[in-house]
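To keep things clear, I will list the structure first and then write my remarks on it.
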Amino acid sequence: MSGLRQALRTLRRQSGSAAVVVVTLAVSIAATTIIASLIEFLFHAIPVADPSRLAMVSSTDPRPSQAQSGMSGGVALSGTSVPDLVDWSARSRTIDEFIAFRYDSATLRENGVPERVRVVRTTANLPTAFGFQPASGRLFRAEEGLAGAPRVVLVSDGFWRRHFDARAGVVGSSLILDGAPHTVAGVLPPALSRGIFTDVDFFVATPLDAARAARDDRRLFVFGRLQPGATIDQASAELSSIAADLRRRYPATNAQTGAVVRPLLEQLGGNIAAIVGIMAFIAALIVATACANVSNVMLALGAARHRELSIRSALGAGRLEHVRRLMLEAAVLAAAAGALGILLGASGLDAIKRFAGPESRLFGGTSMNLWVLATGVLVSFVLPFAFGLLPAVNVSKPDATELKDGTRTIHPGSRRLRTALTALQVGLTVVLMVQIAIMGRRVLTIGTAPLGFDPSRTLAFTLELPESRGLDAERLRTFERQVVAQLEALPQVDSVSLTSRVPMGDREQIVPVTIDNRPAGTPAEMPATAIVAAGLEFFSTLRVPVDEGRAFTPADAGGGPPAVVVSREAARRFWPGQSPVGRTLTVRAEGWPATPLRVVGVVRDVRPADADGRVGPQVYVPWSWHPERRLRFVVRTTAADPLQLVPAIRARVATIEPDEPIFDAFSMKQILYQDVASEYVLSIVFTAIALIALAVAAVGVYGLVAHNVTQRTREIGLRLALGAAPAAVIRMVLSDGTRPVLYGGVVGLAAAVALAFATAATFLGNARDPIVYVAVVLVVAFAALAASYVPARRASHIDPVDALRD
Amino acid sequence: MSQPLIKLETVKKVFLTDEVETHALDNINIEIHRGEYVSIAGPSGCGKSTLLSILGLLDTPTEGTYTLNDQAVAKLSLAQRARVRNREVGFIFQSFNLIGDLNVFENVELPLTYRGMRAAERKQRVTAALERVGMAHRAKHLPSQLSGGQQQRVAVARAVCGEPSILLADEPTGNLDSKNGEAVMDLLKELHMSGATICMVTHDARYASHAARHIHLFDGRVVEESLAVV
């Protein structure tokens, strides 16, 4: 206890330095806990209570635009179709059971009022396979996943609380979903309402009807439980073989489709393990930088106490006693830093979540839970050894010469160690800043890549007409004309159009095509393009420039020869060096008429979602030529906030379609933000962390130089007495600061380059971007110079008389 | 009589700390001619060190004028004083004030590096200065490897290598035993015999007697000036 009291007394005497240590460590702990909360969220984003033998199963496609779960090994992890899944299930010997689901929406009708709800249509085994028990009622029975079975739903905890006010007696009640009665079989536990199932209201057991589903309709997310003794690699090889066979048997739909089995977590993205690894590495870098900085401070404090420790040694204290004393002080500082750091981390996380907004799924799901707290506490516990042991061992070396007058102006061993620690800080900071700058440049590139359309004052919404209505193409066209006419009559509405795919909001639909009269070849050999069924006013509503020919006219929606508008990239690829206007293109996909379409215009490329700005060919056919039940509308308004018009739009649509409410109403700017929200906010968070690391390193450089000036006050006074000009003193002191920056910067830059190339594939960043390296070097150099200049200038004003006074 | 090398006229030095005025020097009028050996003595707190600081351009007088080598130096800027000090003044301190990380050669060379002198010329001067004080054979040694007397001899070499107009010695034997002290004083005597102008502050009457002229200070004033008895 007396040791603790003495430690506190010592730290109180050095309160300024102690505060620097505590704040520096606290900031690094806060950053670490924020990163830990992100990692924890990712690890639990697939809410599986029992992950043993569960793996992700995915179709693959070489086209990045088809990615549903990111990229892995250079191919897109795309969704799976029902027919493909049925074939896998029938033929696989390595996978015991498959679990499949897709996201959807449905209309819940209560007391005559329709409400759009988010549903997961799943095989009956999902909740059981994920290892959960119901909060009340039961889970799906196996037979409820078969065709013709009674319709049952499981209600999510969130919906139960929100819609039913968490009242008992919900189990067994009946709900009208999409016009059909469904029985509530159970209420799910809160643990199943996070990560990939956040915002889901219902789980609906859905049979896998291979006969009615299109083989190229790939929207299913699939997991598999491995057979006992089977490995992921074995399962992957088997499914890959099955997929190869399906490619031969179904060339029209599976020409480029493969299959892969990967660890469960890669459902979130093929590179998720690497991302988690790099995030952990960044956290470690931050802590290491802070520890190097604090070690320097501790060395400086220790050097100032050399005489005290030497006296203690002379009185009989052993080296272990010195180390124990200094480590106790370090532990006190670390404890204070840990408490402050956790508080800062919690506040920082709240602030980030508010900044990210509800659109960001990544940050919306993070929290400062027990695991994250434990990480913060563990780091605080380990820290004293990281930053305190080296100085303690160094400073505790007895030195009898301290007890007599000497000419030593500074302990050279201590100075070398402090210079090395400062160089280490600078090097780590350079590595951190380069990595984060590359990530940031990528986000910036994506964010500033040309969209090809104008998202301002524009909103999009969806209306889905149930299949049970039995609407044919003509009735869908009539419905579309009525809705468009109603909406165009609204004040503040400029123009309205239908589209099968909202730019940036929906994944592209890719179809094989043939060009002019060129030989078709096999489906694998056919060129492929993204296809959009667009209303007549699509290009004017979204302000997609028409570069050649014309956009659609009412004649294209009538019975005349069907027209098609192509993008510039499509024109370049399919008719290189020629004008495509007047040429023809035929869609060769299941469900599309194989009618030659005459090209009437060329429009600007529109950036697709999740494609990092890379644009493939795009073709637009009149929506009336290929109408769908799921109607996506885009509306250009004159209002600054287009969402103001949603209530009016909802009311107008309800006059035509009272049973189905509109849903997914977002402004185009919200849609754009959602595309990059998580990366954008993550980039900002890491940039802030990098700047903090830079500030810590700059403080470290300042501390080193300032301490050296203090230690060398007598020497500096002497030099001034011998005739050194103030400018010469400034130069001498600045070199104290620039030397470790130079050493650390060079080594750090080399390490940063190596790391950048190693992680380029993970983050899709450009490791060859010279602007990043130049910018980081300049910023670090400037910060170091600025940090060194203040003590250098102070040194030049040392009074030689005071400095040399005995 | 030739112009004095150093001339202080009605020099006054007042220190102001926490609104308390301390009159360290008052109405100081001193002349030192080229080739003189002057000692300054007086009880503790009489202003000896302050006077030496002003003479060495480490400090400036509050009032009065100071002419060094026909140049008025009382109101020079920091940089100008540093330049004059580097060329005109050689310091010998009580606690030697060698820089521990520099070897003997580098310590002696230090003031020459502030003149922008070429390396070859610096080497020549440093070697000559070290030979003059009998320390050339220890040029590569660090100060911590020398005895007190040897360190002070190196400090003397540093003071003379730039051929300053005046050597200012502040208790040069204060940290030395009698034997080493005598050795250093003999060295100063030799330098004086060679034409150096020396102004020395000392408590020790034995060493003060080495000087040809004595100035006594008391409470910041010159109370007595006397010539040594031959």
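Restricting attention to the stretch B:108-124, which residues are within 13 Å of another protein chain (Cβ to nearest Cβ) and polar (S, T, N, Q)? Step through it out loud before you land on a result.
Taking the stretch B:108-124 and keeping what is within 13 Å of another protein chain (Cβ to nearest Cβ), we get B:108-117.
Result: B:Thr113, single match.
Across the stretch A:47-61, what is the number of residues that are more than 17 Å from A:Leu226 (Cα to Cα) and in contact with a Phe, Trp or Tyr (Cβ under 9 Å, 6 or more places away or on another chain)?
Number of matching residues: 1.
With respect to B:Ala139, determine if the residue is more than 8 Å from chain A (Cβ to nearest Cβ), surrounded by 20 or more Cβ atoms within 10 Å (Cβ to Cβ) and out of contact with any Lys or Arg (no Cβ under 9 Å at 6 or more places or on another chain). Quick ask: steps written out before the conclusion?
On the way: more than 8 Å from chain A (Cβ to nearest Cβ): yes; surrounded by 20 or more Cβ atoms within 10 Å (Cβ to Cβ): no; out of contact with any Lys or Arg (no Cβ under 9 Å at 6 or more places or on another chain): yes.
No, not satisfied.
Cβ-Cβ below 6 Å, separation at least six or inter-chain, first residue in the stretch A:241-259 and in contact (Cβ under 8 Å) with a residue 12 or more places away in the chain and among the small types (Gly, Ala, Ser), second surrounded by fewer than 19 Cβ atoms within 10 Å (Cβ to Cβ) and assigned to a loop (DSSP other than H, G, I, E, B): which pairs?
Here the result reads A:Ala252/A:Pro523; A:Ala255/A:Pro523; A:Ala255/A:Ala524, each pair linking the stretch A:241-259 to a residue that is surrounded by fewer than 19 Cβ atoms within 10 Å (Cβ to Cβ) and assigned to a loop (DSSP other than H, G, I, E, B).
Name the single residue, out of those in the stretch A:238-289 being surrounded by 20 or more Cβ atoms within 10 Å (Cβ to Cβ) and hydroxyl-bearing (Ser, Thr, Tyr), that is nearest to A:Ile39 (Cα to Cα).
Among them, the one singled out is A:Thr289.
Determine if the stretch A:305-323 includes at least one residue that is more than 14 Å from chain B (Cβ to nearest Cβ) and at pLDDT 80 or above.
The answer is yes, given that some residue of the stretch A:305-323 is more than 14 Å from chain B (Cβ to nearest Cβ) and at pLDDT 80 or above.
Which one of these is more than 14 Å from chain B (Cβ to nearest Cβ) and touching a Phe, Trp or Tyr at 6+ places or on another chain (Cβ under 8 Å): A:Val753, A:Val772, A:Val733, A:Val699? Write out each step before concluding.
Values: A:Val772 fails: touching a Phe, Trp or Tyr at 6+ places or on another chain (Cβ under 8 Å); A:Val733 fails: touching a Phe, Trp or Tyr at 6+ places or on another chain (Cβ under 8 Å); A:Val699 fails: touching a Phe, Trp or Tyr at 6+ places or on another chain (Cβ under 8 Å).
The unique qualifying residue is A:Val753.
Could you check the stretch A:80-176 for strands (runs of 3 or more DSSP E) lying wholly inside it with 2 or more residues that are in contact with an Asp or Glu (Cβ under 9 Å, 6 or more places away or on another chain) and polar (S, T, N, Q)? Even if it seems obvious, please write down each step before you answer.
Working: elements: A:95-110, A:113-122, A:152-155.
Here the list reads A:95-110.
Taking the stretch B:125-168 only, how many residues are of a type in the set (S, T, N, Q), in contact with a strand residue (DSSP E or B) (Cβ under 8 Å, 6 or more places away or on another chain) and more than 19 Å from B:Asn180 (Cα to Cα)?
Narrowing the stretch B:125-168 to residues of a type in the set (S, T, N, Q): B:127, B:144-145, B:147, B:150-152, B:165.
After this cut, where a residue has to be in contact with a strand residue (DSSP E or B) (Cβ under 8 Å, 6 or more places away or on another chain) as well, the list is B:152, B:165.
After this cut, where a residue has to be more than 19 Å from B:Asn180 (Cα to Cα) as well, the list is B:165.
Looking only at that region, the number is 1.
Restricting the search to the stretch A:84-98, which residues are closer than 20 Å to A:Gln256 by Cα and under 32 Å from the mean Cα position of the chain (by Cα)?
A:Asp84, A:Leu85, A:Trp88
For the stretch A:177-187, enumerate the residues that are assigned to a loop (DSSP other than H, G, I, E, B) and surrounded by 16 or more Cβ atoms within 10 Å (Cβ to Cβ).
Matches in the stretch A:177-187: A:Asp178 only.
Considering only the stretch B:136-153, I want to know if a residue exists there that is farther than 30 Å from B:Leu25 by Cα, in contact with a Pro (Cβ under 7 Å, 6 or more places away or on another chain), in a helix (DSSP H, G or I) and not hydroxyl-bearing (Ser, Thr, Tyr). Break it down stepwise before answering.
Taking the stretch B:136-153 first, the residues farther than 30 Å from B:Leu25 by Cα are B:136-151, B:153.
Checking which are in contact with a Pro (Cβ under 7 Å, 6 or more places away or on another chain) leaves us with B:151.
Retained after the next criterion (residues that are in a helix (DSSP H, G or I)): B:151.
Still in the list and also not hydroxyl-bearing (Ser, Thr, Tyr): B:151.
The answer is yes; a qualifying residue exists.
Consider A:Ala639 carefully, then state whether it is in a strand (DSSP E or B), of a type in the set (A, V, I, L, M), in contact with a helix residue (DSSP H, G or I) (Cβ under 8 Å, 6 or more places away or on another chain) and in contact (Cβ under 8 Å) with a residue 60 or more places away in the chain. Full working, then the answer.
Numbers: in a strand (DSSP E or B): no; of a type in the set (A, V, I, L, M): yes; in contact with a helix residue (DSSP H, G or I) (Cβ under 8 Å, 6 or more places away or on another chain): yes; in contact (Cβ under 8 Å) with a residue 60 or more places away in the chain: yes.
No; evaluated as a whole, the condition is false for this residue.
Could you run through the stretch B:51-83 and say how many residues are over 14 Å from the mean Cα position of the chain (by Cα) and within 12 Å of chain A (Cβ to nearest Cβ)?
8
Mind telling me which of the residues B:Phe105, B:Phe96 ends up being within 12 Å of chain A (Cβ to nearest Cβ) and among the hydrophobic types (A, V, I, L, M, F, W, C)?
Numbers: B:Phe105 fails: within 12 Å of chain A (Cβ to nearest Cβ).
When all the criteria are applied, what remains is B:Phe96.
Among the listed residues A:Asp641, A:Asp612, identify the single one that is over 15 Å from A:Ala530 (Cα atoms) and modelled with pLDDT under 90.
Details: A:Asp641 fails: modelled with pLDDT under 90.
None of the other options fit; the residue is A:Asp612.
Evaluate the stretch A:719-726: report whether one residue or more is more than 9 Å from chain B (Cβ to nearest Cβ) and of a type in the set (A, V, I, L, M). Don't jump to the end; show me each part of the working.
Initial filter on the stretch A:719-726 (more than 9 Å from chain B (Cβ to nearest Cβ)): none.
No - not one qualifying residue is present in the stretch A:719-726.
Of the residues that make up the stretch A:464-478, is at least one under 30 Å from A:Leu108 (Cα atoms) and assigned to a strand (DSSP E or B)? Let's see the steps before the verdict.
Within the stretch A:464-478, the subset under 30 Å from A:Leu108 (Cα atoms) is A:464-478.
Now drop any that are not assigned to a strand (DSSP E or B), which leaves A:464.
Yes; the residues of the stretch A:464-478 include at least one that is under 30 Å from A:Leu108 (Cα atoms) and assigned to a strand (DSSP E or B).
Exactly one condition in (1) crowded, with 19+ Cβ neighbours inside 10 Å; (2) assigned to a helix (DSSP H, G or I) is not met by A:Ala727; state its number.
(1)
A:Ile692 versus (1) in contact (Cβ under 8 Å) with a residue 60 or more places away in the chain; (2) out of contact with any strand residue (DSSP E or B) (no Cβ under 7 Å at 6 or more places or on another chain); (3) within 14 Å of chain B (Cβ to nearest Cβ): which is the lone unmet condition?
(3)
Tally time: how many residues in the stretch A:517-536 are in contact with a Leu (Cβ under 9 Å, 6 or more places away or on another chain) and not in a loop (DSSP other than H, G, I, E, B)?
Final tally of qualifying residues: 3.
Inside the stretch A:785-797, can you point out the residues that are closer than 23 Å to B:Thr60 by Cα and either away from chain B (no Cβ under 11 Å) or assigned to a helix (DSSP H, G or I) (or both)?
To start, the set of residues in the stretch A:785-797 that are closer than 23 Å to B:Thr60 by Cα comprises A:793-797.
Listed by number, the residues that qualify are A:Arg793, A:Arg794, A:Ala795, A:Ser796.
So, in the stretch A:576-623, how many residues would count as being of a type in the set (S, T, N, Q) and free of Cβ contacts under 8 Å to residues at least 24 places away in the same chain?
First, pick out the residues of the stretch A:576-623 that are of a type in the set (S, T, N, Q): A:578-579, A:584, A:586, A:595, A:618.
From the residues that got through so far, the ones that are free of Cβ contacts under 8 Å to residues at least 24 places away in the same chain too are A:578.
Number of matching residues: 1.
Within the group A:Arg116, A:Arg109, which residue is modelled with pLDDT under 90 and touching a Phe, Trp or Tyr at 6+ places or on another chain (Cβ under 6 Å)? First the steps, then the outcome.
Details: A:Arg109 fails: touching a Phe, Trp or Tyr at 6+ places or on another chain (Cβ under 6 Å).
It is A:Arg116.
Write out, first by first residue and then by second, each pair whose Cβ atoms fall under 7 Å of each other, whose residues are 6+ apart or on separate chains, and whose first residue, in the stretch A:537-554, is part of a helix (DSSP H, G or I) while the second is surrounded by fewer than 16 Cβ atoms within 10 Å (Cβ to Cβ).
Matching pairs, first to second residue: A:Phe539/A:Val546; A:Leu542/A:Asp454.
Given the structure, is A:Tyr743 of a type outside the set (Lys, Arg), surrounded by fewer than 21 Cβ atoms within 10 Å (Cβ to Cβ), more than 31 Å from the chain's Cα centre (by Cα) and away from chain B (no Cβ under 14 Å)?
Working: of a type outside the set (Lys, Arg): yes; surrounded by fewer than 21 Cβ atoms within 10 Å (Cβ to Cβ): yes; more than 31 Å from the chain's Cα centre (by Cα): yes; away from chain B (no Cβ under 14 Å): yes.
Yes: the conditions hold for A:Tyr743.
Find all pairs meeting these conditions: Cβ atoms under 7 angstrom apart; at least six residues apart or on different chains; first residue within the stretch A:41-59 and closer than 21 Å to A:Ser236 by Cα; second residue among the acidic types (Asp, Glu) and in a helix (DSSP H, G or I).
Pairs found: A:Met56/A:Glu266; A:Ser59/A:Asp84.
Before we move on, is A:Ala423 crowded, with 19+ Cβ neighbours inside 10 Å and on the phi < 0 side of the Ramachandran plot? Please lay out each step first, then the result.
Working: crowded, with 19+ Cβ neighbours inside 10 Å: yes; on the phi < 0 side of the Ramachandran plot: yes.
Yes, satisfied.
Which count do you get for residues in the stretch A:555-583 that are in a loop (DSSP other than H, G, I, E, B) and not aromatic (Phe, Trp, Tyr)?
We begin by selecting, within the stretch A:555-583, every residue in a loop (DSSP other than H, G, I, E, B); these are A:558-562, A:575-583.
From what's left, not aromatic (Phe, Trp, Tyr): A:558-562, A:576-583.
Number of matching residues: 13.
The values are calculated or read from the model by the stated rules, or taken from the named source; none is laboratory data. The structure displayed is predicted, hence computed values, not measured ones. Virtual Cβ from ideal backbone geometry, glycine too; neighbours counted across all protein chains shown.
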